[in-house]
Amino acid sequence: MTKKVNLQPFDVIVAGGGVSGCVAAIAAGRSGASVLVIEQAGYLGGTLTSCGVGPMMTFHAGEKQIIKGIMGEIAERMTKRGYSPGHIRDTTGYISYLTPFNAEGLKLILDEMLDEAGCEVLFHTFIGAVKSEDHKIASLTICNKNGLSEIAGKVYIDATGDGDLAAWAGASVIKGRETDGAMQPMTTKMKFCNVDTSLLRKHIAQHAEKFPRLVDNIDLMNKTPYLAIAGFIDEFKRAKEAGEISIPREDILFFETDVPGEFIINTTRIIGHDATDAKSLSDAERTGRMQCAELERFLRRHVPGFERAHLEMTGPSIGIRQSRQLKGVYTLTAQDILERKQFDTTIAHSAYPIDIHNPKGEGTESIFMSEPGTYYSIPYEIMVCNEVDNLLVTGRCVSATFEAQAAIRTTPTAGALGHACGTAAGMAVKANLDPKKIDVKKLQKLLKEQDAYLEV
């Protein structure tokens, strides 16, 4: 039996406490709105704290920091508190700067910032159903230790990553690649400590020709205190030929965290699964752990420095790159990104490249901006849906094509979207308007006043 719990206690309800949802909640709370965040885990941070994802990539376009505002504030707080070394050079050469961090520290920082903004949070809580009336969300049925309860707000933000709220509310969504529905593979992360970094660095320096992204950047590696490495291609190939590895990938990718000698391994590749289907997602979790076991044996046998490393964790949950996308008022395309299309309604910028992990197996396709140090614009309309008047969408499930989503799905960009989304929600509440009817010029002005970077 569903319990009715004060149907209108909140101005803004945010579904999902990942980074984008948290930033949206902070922005809405700071605007004066009453905010509730619904989060399925027991802590905030989404994939960064639940799936072992890291580092954050990227706040920068070349030497210029183009993601600031609340996301920049989070990074600054992490650095001041000793939870991050700040923005450091990417020794893989893929981007200019990346941002290692301590996941436990991030949990605390997000708790504090939401509390300061006056937001309430329900952990261990899932959305079970959405009630819609007259093109609006009327209420949500949530499930937690209280059983089934019904709650309501004025404006709703879908920050679930999978577009659950949007889909269940009746918004138009699409899953995967437009041509065949294939979605980017999932990855179960691994975290090792006690890696002999000096031995690893020595091996790379002696075999620089085997690390294509580093061959011209050995000096950069030597000057950077934390390593980011893509390589061991030959070793990986031989291990697959010998039957040691079944992972449909071509190399090893790993990043040192804020703790010296601790590395996140981003190498497993789980293909053909659907994050919006409970059985498929459950099967993917088991496959991911199996691949991690193979990878642990490989690292100890073939990667210098890992012989006596300690495996701290896998996951805990599988990382999802892509599932549902909103079909919104505007759909961002690869052409928009690569041609740097200018929008009158720009609410964020990013410089992360189009980064497509092959949905069918080996291979990773990266498409970079034609001029290093340049960046692209993201319009407000990709967060706005046509069918549901009081709903905004943020994070990786915004309205974007398969290729464009591959560029804007990473944490700093998702956080920048969240800042705009939460600020827009706060504006809508104050003006008693649907989010699609707010004055975007005023939104841009507010974002700039809050130190967001919005320049051509």
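Could you tell me whether region 157-164 includes any residue that is closer than 18 Å to Glu285 by Cα and crowded, with 17+ Cβ neighbours inside 10 Å? Checked against the condition, which is being closer than 18 Å to Glu285 by Cα and crowded, with 17+ Cβ neighbours inside 10 Å, region 157-164 yields at least one hit.
Residues that are among the hydrophobic types (A, V, I, L, M, F, W, C) and in contact (Cβ under 8 Å) with a residue 40 or more places away in the chain were ranked within region 104-121; the one that is most open to solvent (accessible area, probe 1.4 Å) is Val121. Filtered by the rule that a residue be within 22 Å of Lys448 (Cβ to Cβ) and outside any loop (DSSP other than H, G, I, E, B), region 342-369 gives Thr346, Ile347, Ala348, His349, Ser350. Pairing each residue of region 122-140 that is more than 16 Å from Ile38 (Cα to Cα) with any residue that is of a type outside the set (D, E, K, R) and part of a strand (DSSP E or B), provided the two are 6+ apart or on different chains, yields C-beta distances under 6 Å for Lys131/Ala138; Lys131/Ser139. Taken over region 270-302, the criterion of being under 29 Å from Ala205 (Cβ atoms), open to solvent by less than 10 Å² (accessible area, probe 1.4 Å) and in contact with a helix residue (DSSP H, G or I) (Cβ under 7 Å, 6 or more places away or on another chain) is satisfied by Phe298 alone.
Residues in region 398-456 that are acidic (Asp, Glu) and closer than 26 Å to Tyr94 by Cβ: Glu403, Glu455. When the residues of region 218-255 are filtered to those that are polar (S, T, N, Q) and open to solvent by 50 Å² or more (accessible area, probe 1.4 Å), the one that is modelled with the highest pLDDT is Ser246. For region 169-190, residues that are surrounded by fewer than 21 Cβ atoms within 10 Å (Cβ to Cβ) and not small (Gly, Ala, Ser) total 6.
Would you check if Pro372 is farther than 15 Å from Thr333 by Cβ, assigned to a loop (DSSP other than H, G, I, E, B) and in contact (Cβ under 8 Å) with a residue 24 or more places away in the chain?
Spelling it out, Pro372 is indeed farther than 15 Å from Thr333 by Cβ, assigned to a loop (DSSP other than H, G, I, E, B) and in contact (Cβ under 8 Å) with a residue 24 or more places away in the chain.
A single member of Ile74, Ile66, Ile13 is in contact with a Phe, Trp or Tyr (Cβ under 7 Å, 6 or more places away or on another chain), of a type in the set (A, V, I, L, M) and more than 23 Å from Ile137 (Cβ to Cβ), and it is Ile66. The residues in region 2-56 that are more than 25 Å from Ile320 (Cβ to Cβ), in contact with a Ser or Thr (Cβ under 6 Å, 6 or more places away or on another chain) and at pLDDT 95 or above can be counted, and the count is 2. I want to confirm something. Restricting to region 424-440 and keeping residues that are of a type in the set (D, E, K, R) and open to solvent by 30 Å² or more (accessible area, probe 1.4 Å), which single residue is nearest to Ala33 (Cα to Cα)? Among them, the one singled out is Lys430. Pairing residues of region 436-456 that are on the phi < 0 side of the Ramachandran plot with residues that are open to solvent by 80 Å² or more (accessible area, probe 1.4 Å), at Cβ distances under 6 Å and at least 6 apart in sequence or on separate chains, gives Leu454/Lys448.
The values are calculated or read from the model by the stated rules, or taken from the named source; none is laboratory data. This is a predicted model, so every value here is computed, not measured. With ideal geometry, Cβ positions are generated from the backbone for all residues, glycine too; neighbour counts draw on all protein chains shown. The protein model used for the area step is the full one, side chains on, heavy atoms only, and it has no ligands, DNA or RNA in it. Shrake-Rupley method; radii C 1.70, N 1.55, O 1.52, S 1.80 Å.
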